[in-house]
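Taking it in order: structure first as structure tokens, then the write-up.
The values are calculated or read from the model by the stated rules, or taken from the named source; none is laboratory data. Everything quoted here is computed from the prediction, not taken from an experiment. All Cβ positions, glycine included, derive from the backbone under ideal geometry; neighbour counts span all protein chains shown. What goes into the accessible areas is simple: the full protein's heavy atoms, side chains included, and nothing from ligands, DNA or RNA. Shrake-Rupley method; radii C 1.70, N 1.55, O 1.52, S 1.80 Å.
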Amino acid sequence: MQGSTKFMVCAAGIFVCYFYFGILQEKITRGKYSNDEVSENGAIRKVDERFTCALALVFVQCLVNYFFAKGMLYVKPHGEDTTPTIYCASSALTYLLAMVCSYMALQWVAFPTQVVGKAGKPIPVMVLGVLIGRKSYPLKKYVFVLMIVIGVILFMYKDKAGSKKVDGFGLGELLILLSLTMDGLTGAVQERIKAEAKPTAQQMMSGMNKFACIFVVVPILLSGELIKFIEFVTRHPTVLSNILLLALAGALGQLFIFLTVTEFGPLPCSVITTTRKFFTVLGSVLIFGNVLTVRQWIGAIIVFTGLFLDVFFSKGAPKKK
């Protein structure tokens, strides 16, 4: 396969997998499921309920990712993974918390808000890089990140107070902020892993998801969410097929990302994933009718412009202080 053809295949794979992933994610977490309920007088009425088993959803995704990565390692074996257990476990914990917060946020905010909010990932990565990693960045990096900050604020600013607020800040937005913080910590740990152990992408994917599965099993059992999940799936069996498709789309999407980074480098991959996020927001608006205000459109455009400028002009690794 020629280079240009391979690039188009990888780009199409990322677009299709994660676009479908986004549709399924919103369908599962924000869709309403009808359920028959018998009242005290014996009448049967329809009651709508939502899927709220975020831990179970994350567990299924991590489990599929783990077996997917192990399958890739089985087909194409790599050398021994020398990543210290503490590093692997730490990155898995922050990665897990980021996913859980992200999924839980969808119970209070629309999917476009989650996507745009998560597009602000460079913010905690840079802040934690300066505070923890003692790194310095060029001035243009700060300008691009400032654009992302302004865009996210414009997009998420609430004109009217919502019904579920935490000290004047939406609970959904707070969860997105926590998810971004966990993303930043994950990135910091992964940078150390790559510098010291130098594992392959498949080895990192396998190890991180293995520990994530171990960590998430305990709260699922202690909280009773496993029983709640089984009962929900029993009442609405279609949600299980959507969850499995979600996990498979996520795993395939990660594979295309790894292939893109390996074959063409991180810059083209960043361009593809950034573009994909914008079209995911657009698709959510068109498919699920999530109406955005003019201010939110302006905020989204500023965010993705800042991301594109960061991709194209922020070349080279940050320097140690």
Q: Exactly one condition in (1) in a helix (DSSP H, G or I); (2) touching a Cys at 6+ places or on another chain (Cβ under 9 Å); (3) modelled with pLDDT under 90 is not met by Q114; state its number.
A: (2)
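Pick from I227, I257: which is part of a helix (DSSP H, G or I) and buried (at least 17 other Cβ atoms within 10 Å of the Cβ)?
So the residue among I227, I257 that is part of a helix (DSSP H, G or I) and buried (at least 17 other Cβ atoms within 10 Å of the Cβ) is I257.
Hey, any hits in the stretch 27-37 for a residue that's in contact with a Leu (Cβ under 8 Å, 6 or more places away or on another chain) and modelled with pLDDT under 85?
yes
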Q | Count - residues of the stretch 230-239 that are in a helix (DSSP H, G or I), within 27 Å of Y18 (Cβ to Cβ) and over 20 Å from the mean Cα position of the chain (by Cα) | A | 3
Q) Is it fair to say F21 is open to solvent by 60 Å² or more (accessible area, probe 1.4 Å) and modelled with pLDDT of 90 or more? A) no
Q. Taking only pairs six or more apart or across chains, which ones have beta-carbon atoms under 9 Å, a first residue in the stretch 104-117 that is of a type in the set (D, E), and a second residue that is open to solvent by 20 Å² or more (accessible area, probe 1.4 Å)?
A. none
Q: Could you pull out the residue among F258, F313, F288 that is over 29 Å from Y137 (Cα atoms) and modelled with pLDDT under 80?
A: F288
Q. Looking at the stretch 43-73, which of the residues that are open to solvent by 60 Å² or more (accessible area, probe 1.4 Å) and modelled with pLDDT under 90 is nearest to L255 (Cα to Cα)?
A. R50
Q: Would you be able to say whether some residue in the stretch 156-175 is modelled with pLDDT of 90 or more and either open to solvent by less than 40 Å² (accessible area, probe 1.4 Å) or part of a loop (DSSP other than H, G, I, E, B) (or both)?
A: yes
Q. Taking interchain pairs and intrachain pairs at least six residues apart, which have beta carbon atoms under 6 angstrom, with the first residue in the stretch 282-298 and part of a helix (DSSP H, G or I) and the second modelled with pLDDT under 80 and polar (S, T, N, Q)?
A. S284/N290
